[in-house]
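J.: Here you go, one structure.
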Amino acid sequence: MDFDKLQAVKVERQGGITFVILNRPEKRNAMSPQLHFEMVEVLKELAEDEETKVLVLTGAGESWCAGQDIKLFFRELDDKPKERHLARLANHEWRWTLLSSFPKPTIAMVNGYCFGGAFVQLFACDFAIAADEAQFGLSEVNWGILPGGLVGKVIVDGLSYRDAVWYSMTGDSFDGKKAAEIKLINKSVPAVDLRAATVELAETLARKNPQTLRTIKESLRLVRGMSVDQAADYLLAKEREMRFMDTESGRAEAMKQFLDDKTYRPGMGEYQREES
Ligand code: COA
C-alpha cells in the first residue's frame, strides 16, 4: 500500500513503532467518511506488517480526534442511505473490529482534544497516554444525541458507572490529569514529554515476545464476557495454542534460562530472546 497517497491519515515509522496519525488538523481530526475508509485500509495493511511491532494512534496538530465529522459523517449523509451505510460500516470496522483485535500492542497517544466518538478508538487501544493539557468530553448531550456508535457501551464497560453517567449526562469536559485519575487512560504527562513517554512504553513492549503479547491481549478482552468456567477452559486452550503458535518457543526458553542456566529472573525483566 502506498501510504503517501492517503489524505486523511498519515503513517510514520520510528524503529519498530508505527505512528498512525489522524490527519485533518484544520478540522481537529474529526472523522470524515474518507478518514474511515482510509483507516480500514491502513489497519489491514499494518496488521501483518513485519516492521510494525507496536502501533501508536495519534492526531496531527492540537487535537487527537474531535469525534465524528458533524457535517461530512452526519448531516451530509442524512439523505444518502447507501453512502451512510458504507461509511458506518467502515467507521465500525476500523475503530472497533480491526483496532481492538489488532495483533500487536496499540497505544493511544492523546495529544489534544478527544471528544464523543473518539472514545471508541481510545478504548479499542490497549494503552492510553495523554498530555496533561488534553481535553476529553462526552459532548453528545450538547448535540441533542446520545453517546451512540458504541461510545455508550465502551464507557460503561471501561469507566466506573458513576463516571460514565456523570460525564455523558453533564457533557463536562476534563483534562488529561483527570482522565488518568478516573482510569480512562493509563497516565498523563506534560505535552512536551508525551512522545518520549509513549516511545518508552512502545520500546518496552517491542522487546517482549510478540506471540505472548498477542495472546494476552486477545484473551483478556474476551474473558471479560465469559463465565468463570468458560474463561478457565478458554484460557487453557489459548495456553496450548500459544505453544504451537510461538515460533520462538518463549515458554521453554524462559524455563531453560531460569531453571537450567540460572541466568534469568522473570520477576526482574524479560528472558533473553534470540531476536532481541
Ligand atoms: N465535526 C465537524 N467539524 C468539526 C468538528 C466536528 N466534530 N470539530 C471541529 N470541527 C471544525 C470546526 O467546525 C472548524 O471548522 P471551520 O474552520 O471550517 O469553521 C474547525 O474544525 C476548527 O474548529 P474550532 O471549533 O474553530 O476549533 P477550536 O480549537 O476552537 O475548538 C473543539 C476545538 C474540538 C473544542 C471544537 O471544535 C468542538 O467543540 N468540536 C466539536 C467536538 C464534539 O462535540 N465532537 C463530538 C461529536 S458527537
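The values are calculated or read from the model by the stated rules, or taken from the named source; none is laboratory data. No experiment lies behind these values; they were computed from the predicted model shown. Neighbour counts are summed over all protein chains in view; Cβ atoms, including those assigned to glycine, are modelled from backbone coordinates with ideal geometry. These accessible areas exclude ligands, DNA and RNA; they are computed on the full protein's heavy atoms, side chains included. Shrake-Rupley method; radii C 1.70, N 1.55, O 1.52, S 1.80 Å.
J.: Return the only residue of G171, G158, G149, G144 being more than 16 Å from the ligand (Cβ to nearest atom) and under 15 Å from G117 (Cα atoms).
T.: Numbers: G171 fails: more than 16 Å from the ligand (Cβ to nearest atom); G149 fails: more than 16 Å from the ligand (Cβ to nearest atom); G144 fails: more than 16 Å from the ligand (Cβ to nearest atom).
That would be G158, the only listed residue that is more than 16 Å from the ligand (Cβ to nearest atom) and under 15 Å from G117 (Cα atoms).
J.: Can you report the number of residues in the stretch 33-51 which are buried (at least 21 other Cβ atoms within 10 Å of the Cβ) and in contact with a helix residue (DSSP H, G or I) (Cβ under 6 Å, 6 or more places away or on another chain)?
T.: 4
J.: Turning to a different aspect of this structure: Based on what the data block shows, is F73 over 24 Å from G176 (Cβ atoms) and touching a His at 6+ places or on another chain (Cβ under 9 Å)? Quick ask: steps written out before the conclusion?
T.: Details: over 24 Å from G176 (Cβ atoms): yes; touching a His at 6+ places or on another chain (Cβ under 9 Å): yes.
Criteria met by F73.
J.: Something else now. Restricting to the stretch 86-96, what's the tally of residues that are open to solvent by less than 70 Å² (accessible area, probe 1.4 Å) and more than 19 Å from G59 (Cβ to Cβ)?
T.: Residues meeting the conditions: 2.
J.: Further question: Kindly provide the set of residues from the stretch 97-123 that are open to solvent by 10 Å² or more (accessible area, probe 1.4 Å), within 14 Å of K217 (Cβ to Cβ) and among the aromatic types (F, W, Y), ordered by number.
T.: If the condition is that a residue be open to solvent by 10 Å² or more (accessible area, probe 1.4 Å), within 14 Å of K217 (Cβ to Cβ) and among the aromatic types (F, W, Y), then F123 is the only one that fits.
J.: For the stretch 14-131, list the strands (runs of 3 or more DSSP E) that sit wholly inside it and hold at least 3 residues that are away from the ligand (no atom under 15 Å from the Cβ); which are they?
T.: Here the list reads 17-22, 54-59, 106-110, 127-131.
J.: Here's something else I'd like to know. Mind checking which residues of the stretch 132-150 are in contact with a helix residue (DSSP H, G or I) (Cβ under 9 Å, 6 or more places away or on another chain) and assigned to a helix (DSSP H, G or I)?
T.: Answer for the stretch 132-150, where residues must be in contact with a helix residue (DSSP H, G or I) (Cβ under 9 Å, 6 or more places away or on another chain) and assigned to a helix (DSSP H, G or I): E140, V141, W143.
J.: Here are some residues: K153, K177. Which one is part of a helix (DSSP H, G or I), open to solvent by 50 Å² or more (accessible area, probe 1.4 Å) and in contact with a strand residue (DSSP E or B) (Cβ under 6 Å, 6 or more places away or on another chain)?
T.: K177
J.: Which helices (runs of 4 or more DSSP H) sit wholly inside the stretch 181-276 and have at least 3 residues that are under 24 Å from the mean Cα position of the chain (by Cα) and not aromatic (F, W, Y)?
T.: 194-206, 210-223, 228-245
J.: Kindly provide the set of residues from the stretch 205-225 that are over 28 Å from G15 (Cα atoms) and open to solvent by 60 Å² or more (accessible area, probe 1.4 Å), ordered by number.
T.: Going through the stretch 205-225, the residues over 28 Å from G15 (Cα atoms) turn out to be 222-225.
Correct list: L222, R224, G225.
Quick grid of which residues meet (1) surrounded by 14 or more Cβ atoms within 10 Å (Cβ to Cβ); (2) closer than 22 Å to L220 by Cα:
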{"residue": "E241", "(1), (2)": "yes, yes"}
{"residue": "G250", "(1), (2)": "yes, yes"}
{"residue": "K256", "(1), (2)": "yes, no"}
{"residue": "L259", "(1), (2)": "no, no"}
{"residue": "R265", "(1), (2)": "no, no"}
{"residue": "E270", "(1), (2)": "yes, yes"}
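J.: Okay, next question. When only residues in the stretch 105-126 that are among the β-branched types (V, I, T) and farther than 21 Å from G16 by Cβ count, which is nearest to the chain's Cα centre (by Cα)?
T.: V120
J.: Sort through D163, D126 and tell me the only one that's at pLDDT 95 or above, more than 24 Å from A87 (Cβ to Cβ), surrounded by 15 or more Cβ atoms within 10 Å (Cβ to Cβ) and in contact with a strand residue (DSSP E or B) (Cβ under 6 Å, 6 or more places away or on another chain). Break it down stepwise before answering.
T.: Values: D163 fails: in contact with a strand residue (DSSP E or B) (Cβ under 6 Å, 6 or more places away or on another chain).
One residue alone meets the criteria, D126.
J.: Still on this structure, please answer the following. Kindly establish whether D4 is surrounded by fewer than 19 Cβ atoms within 10 Å (Cβ to Cβ) and in a loop (DSSP other than H, G, I, E, B).
T.: Considered against the rule, which asks whether it is surrounded by fewer than 19 Cβ atoms within 10 Å (Cβ to Cβ) and in a loop (DSSP other than H, G, I, E, B), D4 comes out as no.
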